[in-house]
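One structure is given here, and the rest of the page talks about it.
The values are calculated or read from the model by the stated rules, or taken from the named source; none is laboratory data. Since the model is a prediction, treat every value here as computed from it, not as a measurement. A quick note on method: Cβ atoms are made from the backbone with ideal geometry, for glycine too, and the neighbour counts reach across all protein chains shown.
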Amino acid sequence: MRVVIAGSSGLIGTSLVPHLRHGGHEVLRLVRRSPRAPDERGWDPPAGQLQNGALDGVDAIVNLCGVGIFDRRWSEAHKQAMKDSRIEPTEVLAAAAVTYGVGILVSASGVNYYGDTGDREVDETAPLGTGFLAELCQEWEAATIAASQSSRVVLLRTGPVLSRSGGMLGRLKPLFSLNLGARAGSGRQFISWISLDDQVGAISFLLEHPEVSGPVNLVGPQPVTNAEFTAALGQALHRPASFVVPAVALKALLGAGVAQELALSGARAVPAVLQRAGYQFQHPTIDEALSAAVGR
């Protein structure tokens, strides 16, 4: 299969490219600068342009575009940047899939689509939640509509990806190393995590399974509470994790919006579509995923 990846330089993309190549696929990378390597193709999302021939003979597009939601406090400018960096490129790729006859569009989204579900378990049939991130995910997914008329569209509702290379653990590990590991607020909010190995493994699986389309929760089969996650990470790092960061302190440190939607609430999402399709998780438990992510 010939696959084009947008967002190949990010946390997921840098692992997905070699994974797909090892599986026998040809991978091309879309870049926003002048191409410098044989596997690179140029594009300019704000201008709605792709390099001539960029999608010739391409079977699938994987869209992983989007600035980080953890990068900074949520000013109005940064919230707009989060939208623009996701919706605009997705619209361009969806339209290009139609123009070039690309049969598959696999496009990133987030488990934040469901908002805060408390301890209620949700699968892909659950309705849209509330909050900025839920609205962002809805608009992000809607940007693929043009492609759905002629392509198989898969929407990756991804949870926090556990990786030794960065992401959420990249921010938490230094704190735990200083013996400052702590649960957030009550600790009862759920985290629907996934290991990086399963993230890229599931994307590859979805490319190769034509019976799957629509939203797919890319999360591990056993979501955990914040308190359980904190304890498991402390154990994996051999560091204590007995502190509590009050909600008011998190809001002061991170900003109210970031703290409420990313630290103090969460979706208890399960990967129903993946499991029905037969995907076998490499790291089905939080202990296995953290052991792989911290390299112990």
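Starting from region 150-176, take each residue that is closer than 19 Å to T230 by Cα and in contact (Cβ under 8 Å) with a residue 40 or more places away in the chain and list its partners that are among the basic types (K, R) and surrounded by fewer than 23 Cβ atoms within 10 Å (Cβ to Cβ), counting only C-beta distances under 6 angstrom and pairs at least six apart or across chains.
F176/R239
Restricting the search to region 31-54, which residues are exposed (fewer than 10 other Cβ atoms within 10 Å of the Cβ) and of a type in the set (K, R)?
R33, R36, listed by residue number.
Hey, can you tell me all the residues within region 186-238 that are farther than 24 Å from G118 by Cα, assigned to a helix (DSSP H, G or I) and of a type in the set (S, T, Y)?
S204
In region 261-296, which residues are surrounded by fewer than 17 Cβ atoms within 10 Å (Cβ to Cβ), modelled with pLDDT of 90 or more, in contact with a helix residue (DSSP H, G or I) (Cβ under 8 Å, 6 or more places away or on another chain) and in a loop (DSSP other than H, G, I, E, B)?
Q282
If I ask for residues that are in contact with a strand residue (DSSP E or B) (Cβ under 9 Å, 6 or more places away or on another chain) and among the small types (G, A, S), which ones from region 207-257 would you list?
The answer is S213, G214, G220, A227, A231, A232, A241, S242, A247.
Hey, could you check region 258-296 for residues that are charged (D, E, K, R) and in contact with a strand residue (DSSP E or B) (Cβ under 9 Å, 6 or more places away or on another chain) and say which is nearest to T117 (Cα to Cα)?
R268
For region 99-128, what are the residues that are of a type in the set (S, T, N, Q) and over 26 Å from V67 (Cα atoms)? Working first, answer last.
Step one: list which residues in region 99-128 are of a type in the set (S, T, N, Q), which gives 99, 107, 109, 112, 117, 125.
Of everything in region 99-128, those that are of a type in the set (S, T, N, Q) and over 26 Å from V67 (Cα atoms) turn out to be T99, T125.
Residue by residue through region 110-137, note down the ones that are within 18 Å of V219 (Cβ to Cβ), not aliphatic (A, V, I, L, M) and not in a loop (DSSP other than H, G, I, E, B).
G110, N112, Y113, Y114, E121, C137
With respect to G214, determine if the residue is closer than 17 Å to A269 by Cβ and surrounded by fewer than 24 Cβ atoms within 10 Å (Cβ to Cβ).
Values: closer than 17 Å to A269 by Cβ: yes; surrounded by fewer than 24 Cβ atoms within 10 Å (Cβ to Cβ): yes.
It is true that G214 is closer than 17 Å to A269 by Cβ and surrounded by fewer than 24 Cβ atoms within 10 Å (Cβ to Cβ).
Which condition breaks for V258 when tested against (1) assigned to a helix (DSSP H, G or I); (2) β-branched (V, I, T); (3) over 18 Å from the mean Cα position of the chain (by Cα)?
Unmet condition: (3).
Those residues that are exposed (fewer than 14 other Cβ atoms within 10 Å of the Cβ) and assigned to a helix (DSSP H, G or I), I need them from region 143-168; list them, please.
I145
When you check Q189 against the structure, is it closer than 17 Å to V270 by Cα, over 18 Å from the mean Cα position of the chain (by Cα) and buried (at least 21 other Cβ atoms within 10 Å of the Cβ), yes or no? Show your work before the answer.
Values: closer than 17 Å to V270 by Cα: yes; over 18 Å from the mean Cα position of the chain (by Cα): yes; buried (at least 21 other Cβ atoms within 10 Å of the Cβ): yes.
Criteria met by Q189.
When region 225-255 is examined, which residues are found to be under 26 Å from E124 (Cβ atoms) and under 21 Å from the mean Cα position of the chain (by Cα)?
T225, N226, F229
Being touching a residue at least 24 places away in the same chain (Cβ under 8 Å) and either in a helix (DSSP H, G or I) or among the aromatic types (F, W, Y) (or both) is the filter here; which residues of region 240-255 pass it?
Of everything in region 240-255, those that are touching a residue at least 24 places away in the same chain (Cβ under 8 Å) and either in a helix (DSSP H, G or I) or among the aromatic types (F, W, Y) (or both) turn out to be F243, A247, L250, L254.
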